[in-house]
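Quick notes on the structure that follows.
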Amino acid sequence: MKKVLIAVDETEGSKSVLSVFQNMVRPPESVVLVHVQQLEGKTMMIDMLGEAEIDTLRESLKGTEYQEALDRKSEKILNFYRKELENGGLVSVKTVVRSGIISEEVLKIAQAEGVDLIVTGYNGKSFMQRMVTGSISKDIEKNAPVPVLVAKNLTADEKFAWTSAAAVGAK
């Protein structure tokens, strides 16, 4: 495997991707770390916008304090994961920041970068939470042109085991 995309955010579920990655049999040649900024916070509103509306929102946020706060947050998140991967011996780590609908942006980057695998975290939402807000990892899994590895959020009692990750094959 040459290139792996790892989608990350500030959640505990996202941190589980580090365990999965560190336990891979053969590390890839390079990693693309991706963080997608949520322009509207934790709301479903962004999912209802079309591409033109998202572009308008992106443009209106340029140079604002809100956008600067989003950029600082993205930098902090990506620096944490980059440092963890580099401490694990991985040398080639590229970081990418985007804004918009998370699953769509991750898939666009995966295609543009020509990755062989996508790794994403899973926060273990209940059935009702998934019904209301959806599941980013499920959207990525369903639409990805390459295999997707979904890392479950581990509790303090659990040790990492391969049963804690669900490997999903490509279409």
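The values are calculated or read from the model by the stated rules, or taken from the named source; none is laboratory data. All values derive from a computational prediction rather than experimental measurement. Because the Cβ atoms are built from the backbone with ideal geometry, glycine has one as well, and the counts that use them run over all protein chains shown. Protein only, heavy atoms only, side chains kept; ligands, DNA and RNA dropped before computing areas. Shrake-Rupley method; radii C 1.70, N 1.55, O 1.52, S 1.80 Å.
For the stretch 52-102, the set of residues classified as among the β-branched types (Val, Ile, Thr) and surrounded by 16 or more Cβ atoms within 10 Å (Cβ to Cβ) consists of 54, 77, 93, 95, 96, 97, 101, 102, listed by residue number. Does residue 33 satisfy being out of contact with any Pro (no Cβ under 7 Å at 6 or more places or on another chain), closer than 20 Å to residue 145 by Cβ and crowded, with 17+ Cβ neighbours inside 10 Å? The answer is yes for residue 33. Candidates in the stretch 18-30 are the residues that are of a type outside the set (S, T, N, Q) and assigned to a loop (DSSP other than H, G, I, E, B); of these, the one that is least open to solvent (accessible area, probe 1.4 Å) is 28.
Within the stretch 76-88, the presence of at least one residue that is part of a helix (DSSP H, G or I), touching a Phe, Trp or Tyr at 6+ places or on another chain (Cβ under 8 Å) and either among the polar types (S, T, N, Q) or modelled with pLDDT of 85 or more (or both) is confirmed. All of (1) open to solvent by less than 70 Å² (accessible area, probe 1.4 Å); (2) in contact (Cβ under 8 Å) with a residue 60 or more places away in the chain hold for residue 15 with one exception: (1). Evaluate the following for residue 105: is it of a type outside the set (S, T, N, Q), open to solvent by 60 Å² or more (accessible area, probe 1.4 Å) and assigned to a helix (DSSP H, G or I)? In short, no. Scoring residue 45 on the criteria (1) open to solvent by less than 80 Å² (accessible area, probe 1.4 Å); (2) modelled with pLDDT under 80 leaves a single failure, condition (1).
Let's see how each residue does on (1) touching a Lys or Arg at 6+ places or on another chain (Cβ under 8 Å); (2) modelled with pLDDT under 75; (3) within 27 Å of residue 1 (Cβ to Cβ):
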{"residue": "93", "(1), (2), (3)": "yes, no, yes"}
{"residue": "121", "(1), (2), (3)": "yes, no, yes"}
{"residue": "132", "(1), (2), (3)": "no, yes, no"}
{"residue": "168", "(1), (2), (3)": "no, yes, yes"}
